[in-house]
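Trainee: After the structure tokens below, expect a handful of questions from me.
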Amino acid sequence: MARSRTDNLAIAVLLPCYNEASTIGAVVRGFRATLPDAAIHVYDNNSTDGTALQAMLAGAHVVRERRQGKGHVVRRMFADIEADIYIMADGDGTYAPADAEELVRTLLTERADMVVGTRRGVHADAGRQGHALGNRLFNLLYRTIFGPDFSDIFSGYRAFSRRFVKSFPAVSGGFEIETEMSVHASRLKLPVSELELDYGRRPDGSHSKLSTFRDGGKILWMFAMLMKETRPFAFFSTISAAFMLASLGFMTPVLAEYFQTGLVSRMPTWVLSMALMMISFMLFTAGVILDSVARARAEQLRIHYMSLVTPSAAKPPIGETTPAPRTGRGKADAA
């Protein structure tokens, strides 16, 4: 490879794994061939099938994370590893290591903090039909709530800048972590990009760890919690509107009777309707107050993000022509 702007940048490949012994060796060797100077880190999440051994034999740095769940693994990776550019992929062989160079090129040329490798054809083959339907529904829900920044929020093939990795709080414990990454970028209005890539099928002997209903429920709960934290006015206003509609539903016949007869014969219904109305007002007020708090928190996160050092080689001065980057020589170890 010709020398380029990545010559002085450390690149780290992050591979969270759970029972991927049949594929992890080929994945590590693939990234080693594509990015020969990158440090490849495999974090084994309590595998029982020899995943760690296969990764070590292929030349990866292997660390064990005992807390079960992809979110715990990603949080540990982001905290432990120091690099200028991070590439995260799955160890199941569904993402092509050869595409990593294009992810890095896009990250540098577009000066982005995250590049998502969107999965071409994932809706036609997502392991099971329930997964494909869930992908469509959750992506639509994300765009409705958080904005149109992403078209595939569940893609596990991503490239990150150091600023993104070190400013990302990573509170999720499971497969919801990709959703949290997308919301973090949308919340802070970070520069992001998408790159459509081929999505392969799992080879024989490799099985999906996703449960359509259990993990779908966790992701839906994460949507609600992230909406509460990042868009509290919309969250509490929606609940407030539901209580107000219920209040009006109970109140209407009582008021109709009062205007006709001058009497209130259903006093408990009237009391219930007024209680529901008061709850609606309280929820609306909470949304207004918490919206100001959320804006202040977003500003603090943005200031912290801006304080992180970005490699000058990755961000040339405005006006300077940036050559098409290639992955070149980086630091030998990233952590």
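Trainee: Would you point out the residue of the stretch 181-217, among those that are in contact with a Phe, Trp or Tyr (Cβ under 8 Å, 6 or more places away or on another chain) and among the acidic types (Asp, Glu), that is modelled with the highest pLDDT?
Mentor: 194
Trainee: Also: Find all pairs meeting these conditions: Cβ atoms under 8 angstrom apart; at least six residues apart or on different chains; first residue within the stretch 171-194 and assigned to a loop (DSSP other than H, G, I, E, B); second residue open to solvent by 20 Å² or more (accessible area, probe 1.4 Å) and among the small types (Gly, Ala, Ser).
Mentor: Matching pairs, first to second residue: none at all.
Trainee: Those residues that are touching a helix residue (DSSP H, G or I) at 6+ places or on another chain (Cβ under 7 Å) and touching a residue at least 40 places away in the same chain (Cβ under 8 Å), I need them from the stretch 270-282; list them, please.
Mentor: The answer is 280, and nothing else.
Trainee: In addition: Could you run through the stretch 86-121 and say how many residues are assigned to a strand (DSSP E or B) and more than 14 Å from residue 158 (Cβ to Cβ)?
Mentor: Residues in the stretch 86-121 being assigned to a strand (DSSP E or B) and more than 14 Å from residue 158 (Cβ to Cβ): 1 in total.
Trainee: Separate question: Of all the residues that make up the stretch 218-238, how many are farther than 18 Å from residue 171 by Cα and either among the small types (Gly, Ala, Ser) or modelled with pLDDT under 90 (or both)?
Mentor: 2
Trainee: Just name the residue that is modelled with the lowest pLDDT out of those in the stretch 112-143 that are open to solvent by less than 10 Å² (accessible area, probe 1.4 Å) and of a type in the set (Val, Ile, Thr).
Mentor: That would be 122.
Trainee: Does any residue in the stretch 283-308 that is closer than 14 Å to residue 228 by Cβ come within less than 7 Å, Cβ to Cβ, of a residue that is part of a helix (DSSP H, G or I) and among the polar types (S, T, N, Q) six or more places away or on a different chain, and which pairs are these?
Mentor: 283/240; 287/237; 287/240; 294/230
Trainee: All but one of (1) at pLDDT 85 or above; (2) surrounded by fewer than 14 Cβ atoms within 10 Å (Cβ to Cβ); (3) under 30 Å from the mean Cα position of the chain (by Cα) hold for residue 253; state the number of the condition that does not hold.
Mentor: Every listed condition holds for residue 253 apart from (3).
Trainee: From the set of residues in the stretch 283-309 that are in contact with a Ser or Thr (Cβ under 8 Å, 6 or more places away or on another chain) and open to solvent by 40 Å² or more (accessible area, probe 1.4 Å), which is modelled with the highest pLDDT? Walk me through it before giving the result.
Mentor: Keep residues of the stretch 283-309 that are in contact with a Ser or Thr (Cβ under 8 Å, 6 or more places away or on another chain), which gives 283-284, 287, 294, 298, 301, 304-305, 308.
From what is left, the residues that are open to solvent by 40 Å² or more (accessible area, probe 1.4 Å) are 284, 301, 304.
On the way: 284: 96, 301: 89, 304: 89.
Here the answer is 284.
Trainee: I'm told residue 253 meets every condition in (1) touching a Leu at 6+ places or on another chain (Cβ under 9 Å); (2) free of Cβ contacts under 8 Å to residues at least 40 places away in the same chain except one. Can you identify the failing condition by its number?
Mentor: The one condition residue 253 does not meet is (1).
Trainee: Find the residue count for the stretch 86-101, including only residues that are closer than 14 Å to residue 43 by Cβ and surrounded by fewer than 22 Cβ atoms within 10 Å (Cβ to Cβ).
Mentor: Going through the stretch 86-101 one residue at a time, the tally reaches 1.
Trainee: Return the residue satisfying two criteria in turn: it lies in the stretch 102-111 and is crowded, with 18+ Cβ neighbours inside 10 Å and over 20 Å from the mean Cα position of the chain (by Cα), and of such residues it is nearest to residue 53 (Cα to Cα).
Mentor: 105
Trainee: Does residue 146 qualify as being modelled with pLDDT of 90 or more, open to solvent by 20 Å² or more (accessible area, probe 1.4 Å) and more than 26 Å from residue 105 (Cβ to Cβ)?
Mentor: Details: modelled with pLDDT of 90 or more: yes; open to solvent by 20 Å² or more (accessible area, probe 1.4 Å): yes; more than 26 Å from residue 105 (Cβ to Cβ): yes.
Yes: the conditions hold for residue 146.
Per-residue answers, yes or no, for (1) more than 26 Å from residue 103 (Cα to Cα); (2) under 19 Å from the mean Cα position of the chain (by Cα):
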{"position": "49", "(1), (2)": "yes, no"}
{"position": "55", "(1), (2)": "no, no"}
{"position": "62", "(1), (2)": "no, no"}
{"position": "70", "(1), (2)": "no, yes"}
{"position": "73", "(1), (2)": "no, yes"}
{"position": "79", "(1), (2)": "no, yes"}
{"position": "83", "(1), (2)": "no, no"}
{"position": "88", "(1), (2)": "no, yes"}
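The values are calculated or read from the model by the stated rules, or taken from the named source; none is laboratory data. Please read all numbers here as calculations on a predicted model, not as lab measurements. Methodologically, a virtual Cβ is constructed for each residue, glycine included, from the backbone with ideal geometry; neighbour enumeration extends over all protein chains shown. Just so you know, the surface numbers come from the protein's heavy atoms only, side chains and all, with ligands and any DNA or RNA stripped out. Shrake-Rupley method; radii C 1.70, N 1.55, O 1.52, S 1.80 Å.
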